[in-house]
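The values are calculated or read from the model by the stated rules, or taken from the named source; none is laboratory data. Since the structure is predicted, the reported quantities are computational estimates derived from the model, not experimental observations. Note that we place each Cβ from the backbone using ideal geometry, even for glycine, and neighbour counts take in every protein chain shown. Protein only, heavy atoms only, side chains kept; ligands, DNA and RNA dropped before computing areas. Shrake-Rupley method; radii C 1.70, N 1.55, O 1.52, S 1.80 Å.
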Amino acid sequence: MVRYLFIFLILIGSSLAGTIDPGTPDNQYLEYAKEFSFMGKIGGKNQKGMTYFASGVAISSHRILTAAHVVKDCNSCFFYINNKEYCVYKVVYSKKHDTSFGVGDIALGFIEEDLKLESYPQLYTEFDEIGKLCSISGFGMTGTFETGPNIGDTKHRAGLNRIDYIENELLVCSPSKGKDKTKLEFLIASGDSGGGLFIDGKLAGINSCVFVSQGSPNSKYGTESGHTRISKYIDWIRESSR
């Protein structure tokens, strides 16, 4: 019996960001997001001519990481950061990419123009993620763990969570209550795809999917999020960057 069923990958063509703890002011999540200045938006058109928006992480002056399902088979792709648009002229995906289970949901984008950011995150290379405190960041619509996403303002938010376990090369998180919750409890929602999960300031995961064992994957209590595990793809990232 499958313990958890992957219901959907974060949808391209929408722009929803993370849900938050109902007892924590939203401005704290907005303020915390300022620490992740290398986060940007991904946008463009897919092969059907539909506009899509999601998130991405700049890892060097000419490279970004995002989720493969966001940019796969797109006709155009742009990275937006610091109120500027950058053309992503080339995208490569992991050969492991399988949309059925969120496996290999990672893509590397190439930008010709120098992003000229002050800093870029290091990549997390350890295999000790379970139980670690993590930061999660993305753009767009928000709501609480009780309401689900219901406010669309496309603002950048970031919060905290812990890695519960690892499955299918995904770091898995869930919203907690009481003494187990972090001070800025956060879970991804549609449109956070391609954003980053960070451990000790290093990029440890790429936002990929939300899922449940029963009911709807609505980023409320009872929903879990999956983040593609950077440590399993570190060699692929380095080789693909050449």
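Observations
- Principal semi-axes in Å for the range 40-169 [√(5λ), Cα gyration tensor, largest first]: 23, 19, 18
- Relative contact order, percent, the chain [alpha-carbon distance under 8 Å, six or more residues apart]: 28
- Of the solvent-accessible surface of the chain, computed with a 1.4 Å probe over protein heavy atoms with every protein chain present, carbon and sulfur atoms account for 49 percent.
- Over the range 102-193, volume per residue of the alpha carbon convex hull, in Å³: 146
- In angstrom, the C-alpha Rg and Dmax of the range 123-242 are 14.0, 47.
- ³J(HN,Hα), Karplus 6.51/-1.76/1.60, whole Hz, each residue of the range 42-50, x for Gly, Pro: 10, x, x, 10, 8, 5, 8, x, 7
- D98/S61 FRET efficiency (R0 41 Å; Cβ-Cβ; nearest 0.05): 0.85
- Our note on the geometry: Cα centres of the range 177-231 and the range 90-148, 11 Å apart.
- Prolate/oblate/rounded label for the chain (Cα gyration tensor, a/c 1.5): rounded
- Theoretical FRET efficiency, 1/(1+(r/R0)^6), r = Cβ-Cβ of K179 and F127, R0 35 Å, to 0.05: 0.80
- Here's the picture: a label point sits 7 Å out from the Cα of S213 along the beta-carbon direction, and within the range 175-194 the residues with their amide nitrogen under 18 Å of it are 175-177.
- Relative pair counts by distance (%), Cα atoms of the range 123-169, 10 Å bins: 21, 41, 29, 10
- Gyration tensor verdict on the range 57-113 (Cα atoms; rounded if a/c is under 1.5, prolate if a/b is larger than b/c, oblate otherwise): prolate
- Which of G40, G159, F53, positive extreme of dipole for the chain (C-beta unit charges): F53
- For S219, nonlocal amide neighbours, meaning residues 5 or more places apart or on other chains whose placed amide H falls under 5 Å from its own, do not occur.
- Here each label is just a point 7 Å from Cα along the line to Cβ, and for L117 and K90 those points are 2.0 nm apart.
- With all protein chains kept in place, the per residue accessible area of the chain amounts to 45 square angstrom at a probe of 1.4 angstrom.
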